Amino acid sequence: MTAIVGLAQDGTVHIGGDSAGVSGLSLSVRADSKVFHTGRYLFGFTTSFRMGQLIRYSFDPPKPKKGDLAAFMSTTFVDALRDCLKAGGWARKENDREEGGTFLVGVRGRLFTVYDDYQVAQAADGFAAVGCGEDIALGALYATAGTGLKPGRRVKVALRAAERFSAGVRGPFVCLSLRR
């Protein structure tokens, strides 16, 4: 339960996230951020704080190669991520299929979503959201496109909309940026 919102514009990636830790009907506001920099990357995660801790503190993301960034993310990056999550005891395997978790990642001015089956997506609109507040945040991002609002402000508006209309989203919000 969360809202992670990302927007790529003019060579900069902006990712913001809430602070909710949800288990059933219990909610706690966490001090450990779901949004952080690691090397040349900007991350924002949902699914599990344990997965986020492994990405933040154990994952040594490979240096992005020149050339096809989508291909690099779908192969070299994901292979290194899978190794990290397996070593940390987080990756699950069922019916010979591995699963991790869902997060946004910004690199080289581009925004990607990595889903729990390790597929890597890049939204044509230049923005994405994950978590239980995803649909609300996407609606807010869509509605603010072309309004002249700065990208960081659009991310915060989307997070506030998700908080207003989703029981699993709570501030304070952490918003970070990464230039190409």
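The values are calculated or read from the model by the stated rules, or taken from the named source; none is laboratory data. Here the structure is a predicted model, which is why all the values come from computation and not from measurement. Note that we place each Cβ from the backbone using ideal geometry, even for glycine, and neighbour counts take in every protein chain shown.
Return the residues of the stretch 11-29 that are of a type outside the set (A, V, I, L, M, F, W, C) and at pLDDT 95 or above; say none if nothing qualifies.
Correct list: Gly11, Thr12, His14, Gly16, Gly17, Asp18, Ser19.
Look through the stretch 131-145, keep the residues that are without any contact (Cβ under 8 Å) to a residue 40 or more places away in the chain and buried (at least 16 other Cβ atoms within 10 Å of the Cβ), and return whichever of them is nearest to the chain's Cα centre (by Cα).
Leu138
Within the stretch 35-56, can one find any residue that is hydroxyl-bearing (Ser, Thr, Tyr), more than 19 Å from Gly139 (Cβ to Cβ), in contact with a Leu (Cβ under 8 Å, 6 or more places away or on another chain) and touching a residue at least 60 places away in the same chain (Cβ under 8 Å)?
yes
Failed condition for Leu149, given (1) without any contact (Cβ under 8 Å) to a residue 12 or more places away in the chain; (2) of a type in the set (A, V, I, L, M); (3) part of a helix (DSSP H, G or I), with all others met?
(3)
Out of curiosity, is Phe59 touching a strand residue (DSSP E or B) at 6+ places or on another chain (Cβ under 7 Å), closer than 19 Å to Leu159 by Cα, modelled with pLDDT of 95 or more and not charged (D, E, K, R)?
Judged against the criteria, Phe59 is not a match.
If you check Ala128 against the conditions, is it in contact with a strand residue (DSSP E or B) (Cβ under 7 Å, 6 or more places away or on another chain), surrounded by 16 or more Cβ atoms within 10 Å (Cβ to Cβ) and under 18 Å from Ala3 (Cβ atoms)?
So Ala128 fits the description; yes.
If you check every pair at least six apart or on different chains, which have Cβ atoms under 7 Å apart with a residue in the stretch 77-97 that is farther than 30 Å from Gly67 by Cβ and aliphatic (A, V, I, L, M) first and a residue that is exposed (fewer than 14 other Cβ atoms within 10 Å of the Cβ) and at pLDDT 95 or above second?
Correct list of pairs: empty, since none qualify.
For the stretch 98-108, indicate whether the set of residues that are without any contact (Cβ under 8 Å) to a residue 40 or more places away in the chain and surrounded by fewer than 13 Cβ atoms within 10 Å (Cβ to Cβ) is non-empty.
Checked the stretch 98-108: no residue is without any contact (Cβ under 8 Å) to a residue 40 or more places away in the chain and surrounded by fewer than 13 Cβ atoms within 10 Å (Cβ to Cβ).
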